[in-house]
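Take a look at the structure set out below.
Bear in mind that the values in this text are calculations on the coordinates, not laboratory data. No experiment lies behind these values; they were computed from the predicted model shown. When we count neighbours, we look across all protein chains shown, and the Cβ atoms used for this are built from the backbone with ideal geometry, even at glycine.
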Amino acid sequence: MLTSPFFQKLATLTVLAALAALPQPTAAQTEAVPPGSAHNPHVVEVEAEDFAFRIPAEINSGWSTFRLTNQGEEHHFLFITRLPEEVTFDAFVEEIVMPFNDVWYAMRDGHMAGDEAMPVLGEELPEWYWGVDFMGGVGFLAPGAAAEATIYLEPGRYVVECYMRTADGKMHSMEGMLDPLTVTVDPSQGSPPAAELQIALSEEGMALDGRPQPGLNTFEVHWADHPEDTFGHDVQILRVDNETTVDDVLHWMNFLNLEALTEPAPGSFVGGITPMPAGSTAYFTAELEPGRYILASQYTSHLGVLTEFTVEP
Ligand SMILES: [Cu+2]
């Protein structure tokens, strides 16, 4: 009898009444609530496994919180690209993903040096690609971890992909982590979360304002510029031991290196946000435990766009 819908509802109401009687949370307790879920009606749950995304085919325009959970045994991330009006998903695969893959295989198999890759891609990729907008997404994420990125998306057609590499040197996108995403008009727009930390990205570097704390941290990121001849600034955040150097991390993140973007990673990546156009503002959350962290930009750290911090217990 206790399992009837009536008693279930009664039990729920009793719990709600008990919760309502609890003292109101203090400001400090309020901050512990995941800002994405507390402030934003558009939450997009994405599960990454080896090697596929479980992601809705269609989402609402406006502010969306992508909550990425890594259920695989390798690192994954969610890179979002907006397709130009006239370009289809199949054309993106054919004209962009395949040439990148061919160049990677040539490097992997010793037929092409790393420094030849960009000139070759410069010739092979279509003109439209160099004006395309990368639209944020959740940064590198260790197995078992979860993180959020909150970004504003206009209606249109997008592509999501992960281009980490398997132990035998295949890009995750070629193994199945490559999907179309349609953003449809929604007048409600959603709203961005509150953030206690700010990161400014520019050719001057990566400036972090605020002190990350143990637990869930929300970062507001602003892109001041988009350096020429790069794929743009992003933020990748990882916990490292004291022996790991910044150079170790940058070497691993540089896709032109054979050992890059594959297991083992030089630390435990806990999220971040992939590149966005100059002038953009977006948000990400990361769960931090005490330790030493490096924040680096995959494509612009060689210009000095990186920083470090320590989370005290
Ligand atoms: Cu992946």
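With charges set only on the Cβ (+1 for Lys and Arg, -1 for Asp and Glu), what does the dipole of the chain come to about its Cα centre, in debye to the nearest 20?
I would put it at about 1520 debye.
By average Cβ neighbour count within 10 Å, what is the ranking of 51-58, 158-165 from highest down?
Top of the packing list down: 158-165, 51-58.
Quick one: if you take sqrt(5λ) for each eigenvalue of the C-alpha gyration tensor of the stretch 119-187, what semi-axes come out, biggest first, whole angstrom?
So the equivalent ellipsoid measures 23, 21, 11 Å along its semi-axes.
Among 71-77, 82-88, 282-288, how do they line up by average Cβ neighbours within 10 Å per residue, starting with the highest?
282-288, 71-77, 82-88
With a/c under 1.5 counting as rounded, go ahead and sort the stretch 67-123 into rounded, prolate or oblate using the C-alpha gyration tensor (a ≥ b ≥ c being the square roots of the eigenvalues; past the cut-off, prolate if a/b is larger than b/c, else oblate).
Oblate, because a/c is 1.5 or more while a/b does not exceed b/c.
Starting with the fewest neighbours, write out Trp104, Trp130 ranked by other beta-carbon atoms found within 10 Å of each beta-carbon.
Trp130, Trp104
May I ask for the angle, rounded to the nearest 10°, between helix 98-108 and the longest principal axis of the chain, with both axes built from Cα atoms and the value confined to 0 to 90°?
70
Using each residue's phi in the stretch 185-202, evaluate 6.51 cos²θ - 1.76 cosθ + 1.60 at θ = phi - 60° and report the 3J(HN,Hα) Karplus result to the nearest Hz, with x for Gly and Pro.
Listing the rounded values in order: 5, 9, x, 6, 6, x, 8, x, x, 7, 10, 9, 10, 10, 10, 9, 10, 7 Hz.
Tally the DSSP beta bridges in the chain and give the antiparallel ones as a percent, rounded to 5.
For the chain, the DSSP antiparallel bridge percentage is about 80.
So how strong a dipole does the stretch 195-253 carry about its Cα centre when Lys and Arg Cβ are +1 and Asp and Glu Cβ are -1, to the nearest 20 debye?
340
Starting with the highest mean, order 239-247, 292-300, 255-263, 267-275 by the number of other Cβ atoms within 10 Å, averaged over the residues of each peptide.
Ranked by mean Cβ neighbours within 10 Å, highest first: 267-275, 292-300, 255-263, 239-247.
Would you mind getting me the FRET efficiency between Ser188 and Ala167? Use the beta-carbon distance for r and R0 = 41 Å, nearest 0.05.
Rounded to the nearest 0.05, the efficiency is 0.40.
For a Förster distance of 30 Å, can you work out the FRET efficiency between the beta-carbons of Asn242 and Gln71, rounded to the nearest 0.05?
With R0 = 30 Å, the Cβ-Cβ based efficiency is 0.50.
Round to the nearest 10 and give me the degree value, 0 to 90, for the angle of helix 114-124's Cα axis relative to the longest principal axis of the chain.
Tilt of helix 114-124: around 90 degrees.
What size of dipole, in debye to the nearest 20, comes out for the stretch 106-153 about its Cα centre when the only charges are +1 on Lys and Arg C-beta atoms and -1 on Asp and Glu C-beta atoms?
260
Evaluate the stretch 197-313: find the radius of gyration of its Cα atoms, find its Kirkwood radius, and give the ratio Rg to Rh.
Using only Cα positions, Rg/Rh for the stretch 197-313 is 0.94.
Which net charge results for the neighbourhood of Thr150, defined as the other residues with beta-carbon distances under 13 angstrom from its beta-carbon, given Lys and Arg at +1 and Asp and Glu at -1?
-1
Just how many % of Cα pairs in the stretch 237-306 lie over 21 Å apart, if you round to the nearest whole percent?
26
When the Cα centres of the stretch 199-249 and the stretch 127-143 are compared, how far apart do they sit, in Å?
The stretch 199-249 and the stretch 127-143 have Cα centres separated by 16 Å.
Beyond 24 Å, what share of the Cα-Cα pairs of the chain is found? Please give it as a whole percent.
So the portion of pairs separated by more than 24 Å is 55 percent.
For the stretch 39-173, which semi-axes, largest first and in whole Å, follow from the square roots of 5 times the eigenvalues of its Cα gyration tensor?
27, 20, 11
For the stretch 169-222, which GluC sites (Glu not before Pro) are in a loop by DSSP, counting at most 13 other Cβ atoms within 10 Å?
The qualifying sites are Glu204.
Using label points projected 7 Å from each Cα along Cα→Cβ, tell me how many nm separate Glu228 and Met112, to one decimal.
2.4
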